[in-house]
């Protein structure tokens, strides 16, 4: 049979897998199985070295990391790469930090795969909002302190102003979790305070949460910018603002065994 009469190659399958916030023990059973069995892994900058070490030595590892203003591969090229690999008949694990569908642009990749007729599946991961706060001793909700949680991005497209409904976000009975907010931290704090949120509201910044490199800074919202600058925190850092942060000194189970992850805890107003 000539090559021209060969049936078309069936496309491979893409698994969009959430790697969680960094601690490999937080991987789902399915994510771990896929990572260990994968022959091709396309991974992001936020996937920890400890998790990448779980991949097979025979696996081809393709880096597609992105950070603010420094994309190794633009999103459109990542989409095209996944489609191309699948059309080569390769099964691929697309490994993303946190959860693919929580500020992970996983849905954009899934859209591109669907449009190209490439079969795919999505494996949820523990989000940074859940994992990093828990390892910092901060519950997202607590009776009498926070009845709701809001997850927002602190990143604006290059050259654009960060826009949110600040009046709605300045809710004293809500926990506000801000992804990618370090660059705009000063603006975020100022706008929340101007919208009516008390400058004494407990706030936190957690760098490299759930990993041995975790560092946690606690400060009132009005002093968070200075505290973060003094600690020299770098991305990836998650911001948490709300009364529940006032429990961090009591609930810091991780810091009890990882003193390097703790910075001095200020005295917050009573949390009740």
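The values are calculated or read from the model by the stated rules, or taken from the named source; none is laboratory data. None of these values were measured; they are calculated from a predicted model. Glycine gets a Cβ as well: all are built from the backbone with ideal geometry, and neighbour counts include every protein chain shown.
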#### Entry: residue 36 within 22 Å of residue 124 (Cα to Cα), at pLDDT below 95 and loosely packed, with under 15 Cβ neighbours inside 10 Å
no
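A quick yes/no check of all residues on (1) at pLDDT 95 or above; (2) more than 16 Å from residue 138 (Cα to Cα):
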{"residue": "186", "(1), (2)": "yes, yes"}
{"residue": "191", "(1), (2)": "yes, yes"}
{"residue": "202", "(1), (2)": "yes, no"}
{"residue": "237", "(1), (2)": "yes, no"}
{"residue": "249", "(1), (2)": "no, no"}
{"residue": "260", "(1), (2)": "no, yes"}
{"residue": "266", "(1), (2)": "no, no"}
#### Entry: Residue check, residue 108 surrounded by fewer than 17 Cβ atoms within 10 Å (Cβ to Cβ) and in contact with a helix residue (DSSP H, G or I) (Cβ under 7 Å, 6 or more places away or on another chain)
yes
### Summary
Exactly one of 60, 50 is out of contact with any strand residue (DSSP E or B) (no Cβ under 9 Å at 6 or more places or on another chain) and surrounded by fewer than 21 Cβ atoms within 10 Å (Cβ to Cβ), and that one is 50
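May I ask you to list the residues in the range 245-257 that are within 17 Å of residue 23 (Cβ to Cβ) and exposed (fewer than 15 other Cβ atoms within 10 Å of the Cβ)?
Hits for the range 245-257 are 253, 256, 257.
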### Task
Go through the range 76-98 and give me each residue that's within 16 Å of residue 34 (Cβ to Cβ), part of a loop (DSSP other than H, G, I, E, B) and either free of Cβ contacts under 8 Å to residues at least 40 places away in the same chain or more than 21 Å from the chain's Cα centre (by Cα) (or both).
90, 91
### Message
Looking at 202, 259 in this structure, which one is closer than 18 Å to residue 179 by Cα and more than 21 Å from the chain's Cα centre (by Cα)?
### Response
202
### Query
Among the residues of the range 21-43, which ones are in contact (Cβ under 8 Å) with a residue 60 or more places away in the chain and not in a helix (DSSP H, G or I)?
21, 22, 23, 27, 28
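List the helices (runs of 4 or more DSSP H) that sit entirely inside the range 99-199 and contain at least 3 residues that are under 21 Å from residue 79 (Cα atoms) and without any contact (Cβ under 8 Å) to a residue 60 or more places away in the chain. Spell out the reasoning first.
Working: elements: 106-115, 128-135, 166-169, 185-194.
Where helices (runs of 4 or more DSSP H) fall fully within the range 99-199 and carry at least 3 residues being under 21 Å from residue 79 (Cα atoms) and without any contact (Cβ under 8 Å) to a residue 60 or more places away in the chain, they are 106-115.
How many of the residues in the range 114-126 are out of contact with any helix residue (DSSP H, G or I) (no Cβ under 6 Å at 6 or more places or on another chain) and either under 20 Å from residue 10 (Cβ atoms) or surrounded by 23 or more Cβ atoms within 10 Å (Cβ to Cβ) (or both)? Full working, then the answer.
Of all residues in the range 114-126, those out of contact with any helix residue (DSSP H, G or I) (no Cβ under 6 Å at 6 or more places or on another chain) come to 114-115, 117, 119, 121-122, 124-125.
Subset that is either under 20 Å from residue 10 (Cβ atoms) or surrounded by 23 or more Cβ atoms within 10 Å (Cβ to Cβ) (or both): 114-115, 117, 119, 121, 125.
Final tally of qualifying residues: 6.
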